[in-house]
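A short worksheet on the structure shown next.
A short reminder: the numbers here are calculations on the coordinates, not readings from a lab. Please read these numbers as outputs of a predicted model, since none were measured by experiment. Virtual Cβ from ideal backbone geometry, glycine too; neighbours counted across all protein chains shown.
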Amino acid sequence: MSFSCRVSGLLVGGLLLAGGPGVSRDYHLTPAALSVLSSGDVVILDPVLGLFRYRPGSGKVVPLVDGFGLYEGVDVQVATIGGTESIFVTQVPRSTAGGARLVRFNLEGREKGEWVLPPGKKRCSGVAIDAQVPVAYVVSPQTAEIFKFDLRKPRTSPRPLAKISQEGGLGPMILDGKRRRLLIADVALGALYAVDIDTGKSARLVKDVGEPSALALDAKQDELLVSDASGRRLWSVGLAGKDPKPQIFARLKEFEEPTGLTLSSDGSVWVGDVDKGRLFQVSRDGKLVNTIKL
C-alpha cells in the first residue's frame, strides 16, 4: 500500500524525543505502519525518515534507521527468526531505477539481509512473516501477486504463491497461522481476502470495511482488527465462524487518518495516525487510553 508523506524540512541527525509523551522537537513523524517488539516497544515506520522505536515505559521515541536512501518504506513487521528478533520492511524505489524489495534490520537498526522482487515489480505493499518456516510473503499491487521469500537465503529470488483476480488495490497483509492462510486487505474495494498458503487459492472474507489500511491479529481472541483510514475507525472481525461479519471496534473523535495498527502484549491496540502524527493507545473496549504526539 502506498502511504502519503507529509514530512519536509526535518532534521534526523541526533534525533531524540525526550521528556515524556507529547514532547517533540523540530520535526513531525508520519506513523504509516507499526509493529511491536517482544519488549513491548512499538516500532514506527516513517516512509521517508526511517524506523523509530517508542518505549512506553520511558515515554521516548528514539531513531533506529535514518531513512532508506533511494527507497521509501511501505510496511513493517517484527518477527523472531532463529532466535533473533528482527524488523522487516518492504520498500519501493523513489525513482524509476531499481525494484521493490524487502529488507531485514536488527534491533540496532543495521541491515542484515535483502530480498528483491522480480524485475519490473517497482511497487510492493504488505509483508507477512511465517517465522516457523521461515518465509516472508510480500504483495505486489501492480499485478495483485503474492510472492514468497526464503528468509534463510538473502538475495535469492522469490517464488510466486498466488494471484487475486478481483483486486482493486492490495495493501496490508497478515498471517493467520491457525488456518494456514494469509489475510490481505484491498484498500480500493474495502474488502479482505483469505489466501491458502498451501494451495494459493483465494476467497473474499469480508467486504465493506472502508479503506483498510492496516491489520492486526489477536490470536488469543481469534479476531482480526482492521484500521479504516478514510472511515476514521477500527473494525473487528471474528475468525471462528464460517461467515464473519465486521463490527465497529472503535470510532474516536481523535482519529483523522489511522493507517498503522499493532497489538500490544496487554491486549490494547496501538494506532498510528499519519494526518495527526500521533500514536493512540486504545483499550479492547474501544476507549482511548493514551495519546503520544510524534
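On average over all directions, what projected area in square nanometres does the range 156-287 have, based on the convex hull of its Cα atoms?
Numbers: hull surface 35.2 nm².
Reported value for the Cα convex hull: 8.8 nm².
Go through Lys122/Lys287; Lys122/Lys178; Lys112/Lys242; Lys220/Lys245; Lys242/Lys276; Lys153/Lys276 and tell me which ones have a Cα-Cα distance over 29 Å in this structure.
Values: Lys122/Lys287 39 Å; Lys122/Lys178 32 Å; Lys112/Lys242 41 Å; Lys220/Lys245 18 Å; Lys242/Lys276 37 Å; Lys153/Lys276 39 Å.
The answer is Lys122/Lys287; Lys122/Lys178; Lys112/Lys242; Lys242/Lys276; Lys153/Lys276.
Just order 137-146, 101-110 by mean Cβ neighbour count inside 10 Å, highest at the front, would you?
Numbers: 137-146: 22.9, 101-110: 17.5.
Going by the mean number of other Cβ atoms within 10 Å, highest first, we get 137-146, 101-110.
Using Cβ contacts closer than 10 Å as the measure, can you line up Leu217, Leu34, Leu192 from fewest to most?
Values: Leu217 20, Leu34 27, Leu192 23.
Going from least to most buried by this count: Leu217, Leu192, Leu34.
Report the equivalent ellipsoid semi-axes for the range 33-293 in whole Å, largest first, defined as the square roots of five times the eigenvalues of the gyration tensor built from alpha carbon atoms. Write down the numbers at each step before the final one.
Working: eigenvalues 123, 104, 59 Å².
Equivalent-ellipsoid dimensions as semi-axes: 25, 23, 17 Å.
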